[in-house]
Every structure is written in structure tokens, then in C-alpha cells.
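Each remark here refers to the structure printed beneath this line.
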Amino acid sequence: MTMIVGYASDERGKAALHLAAMLARSANDNLIVCSVVPAPWTPGMARVDAEYHEYLAQTADQALERARGFLPSDVPAAYVRHSARSAPAGLLEMADQHDARLIVLGSSSAGVFGHIALGSVTDRLLHSSHVSLALATRGFRCPPDARVSRVTAAFGGTASAENLVLAVATVGSDVGASLRIATFAVWSRPAYTTRLGTDSEDLVMQEWRAELDKTVNATLAQLKDLRAGPRSVETVIGAGASWDEAIDEVDWDPGDVLVVGSSELGPVARVFLGSRASKILRHSPVPVIVVPRRRAEVLAERATGG
């Protein structure tokens, strides 16, 4: 299959290429490295506008030529300049034309190093894409032979989260990666001097963990029935007083990828991040793949033979 890489000729472009190479090598996919340039407004443009668009086209071609030097030779890739009304629209058009399973993007250069920061293109796609998105952390780099070693599914205990885990399990099996089911809880305990009468809060946390264990165990039971499951499965809970603490409580290694699903309040066929998934994405120290809910349902149905 094919992955589309949204390429910008700066730090974002390098990070996206490194992530795309790791993903494509793991899944045995081809890459299309795409630079989107604005389409002319009208056929009868003024000469100055035509010259400007010619300049943009030349700049894009030069950037794509430089991109060839950043991709390892073992990853098949084509380099394409595409004209569209906007970068998000152009990337979605390319994904449709090539039946791509994934669009790979870098982070904004204004973000924190080592984390994901949304720019205008990624933010727009996170609210409109019907294709799964892979987002690299700012400055992401990996060895030339890197592969995905573990896929972590962010689990929220809902029906759509169960579908996401089943979908991730099949993808993990395809790429030879292990699966981890992670649940994150942000829970701020009162200061010691004000903890009188907080037993009820402790009880709520205990009940939440008990309910979570039930839903996780039910999902694990479904994984056992898959025709092709991941090589290993583990579960983990990251809890803390902030999202930084909760996510940092979970160990992260090179070759890890985190997968989150769309909000159940958003359109079924498109990516639409809820507040929880958005916070997980912004605090993740590893690349994140965002899967539209309908895409997760389709993969889950295939996994279970439905």
C-alpha cells in the first residue's frame, strides 16, 4: 500500500521523512513524498502571478530533490509536486488518488522539541481528514534501519476504543510489533493539609480502576480470538496530577508509536479529536497516529472476520 508524506523544506520535513521511512519499512509500504503548491486562481492570470507560481513550482521541485537525500535507499518512494487550493486539500486529494492508508506530517517548528505541535495544516487535517494521520514529534530522528517495535493504543473504555485496540492489534501483527494497551488518568489529590474527608475521592479512583480492568479484560479476550494477533500484549495505566505526569509514568522506547482514535462526538468517517485525545497527542513523547472512527471500525471488522 501507499503512504503520503506532506513535505516542507525545513525541520518539519526531515521529521516527517524519518517517521515515514520507519512506518513504510515496517509495513512494507511505498511512499509518495508530496509538496503542495497553490493552484492558480484563474486561467487568465496576470504575468506577475504566473511568474510567482512558476517560482513556487521551482522551489517545490528543489525541495523534493533535497528530500531524496533524506530517505534511506531501501524505502521505495516517488516525489510529486501537486497543485491544489490549499495544502490540506492537496494532501487529501493525493491520498484519494493513490488509495493511501496514511498521511505523514511533521510538527510545527514553534513547538516544544520532542513533542507534537500543531501547525495550520495539521490542525486542519485533524478536523477534516478521512484518512489516518501520522504525526512526528518535533525534531524526530531514527536510525536508517529503524522499524516500529511497539504500538500503544490509547484506551478510554468505550466501544470505539475497543475497536481501536482491535484495529491496532492487526496493524501490530502486520508490522511484527508488540501491542500495549494504555489508559491515562489525570487525578489531582488534595494537598496533605486539606486531605481530610477525601476518602470518597479515593473510593471513586478505586471504582474507576475496577471498571477499567473489566473493560480491558473483555478487550483482551477478543484479542485471543483474532486470526492474526500481535506477538505480545501488555496493559498499563499512567496516572498523575497532570497530563505530563500521567504520560511520563508510562515507559517509552525508540520504535514506539502511540495510536489514538477520533472522538465519538465527531463525524464517524473523519478525524475529530476530543479534548482527551488532543491532550494525549500534545504531551506524547513519541509519534502519534490518529485513526478516524470509521477506519478503526473497518479494521476491527476485518480482524474479527466480521
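To the nearest 0.05, what FRET efficiency results for Gln62 and Arg231 with a Förster distance of 41 Å applied to their C-beta separation?
Values: r = 43 Å, r/R0 = 1.04.
According to the calculation, E is roughly 0.45.
Given R₀ = 22 Å, FRET efficiency for Ser83-Asp123 by Cβ-Cβ distance, to 0.05?
Once the sixth-power term is evaluated, E becomes 0.50.
Using the beta-carbon distance between Ala241 and Glu207 and R0 = 25 Å, what value does 1/(1 + (r/R0)^6) give for FRET efficiency, to the nearest 0.05? List each step's numbers first, then the result.
Details: r = 20 Å, r/R0 = 0.78.
That pair, Ala241 with Glu207, gives E of 0.80.
Under the Kirkwood approximation for Rh and a Cα-based Rg, what ratio Rg/Rh is obtained for the stretch 2-135?
0.97
For the chain, would you read off the P(r) tail past 25 Å as a percentage of all alpha carbon pairs?
Roughly 51 percent, once rounded to a whole number.
Since every read-out is calculated from the coordinates, none of them should be taken as a lab result. Quantities reported herein were computed from a predicted structural model and do not represent experimental measurements. Ideal geometry is used to build each Cβ from the backbone, glycine not excepted, and the neighbour counts take in all protein chains shown.
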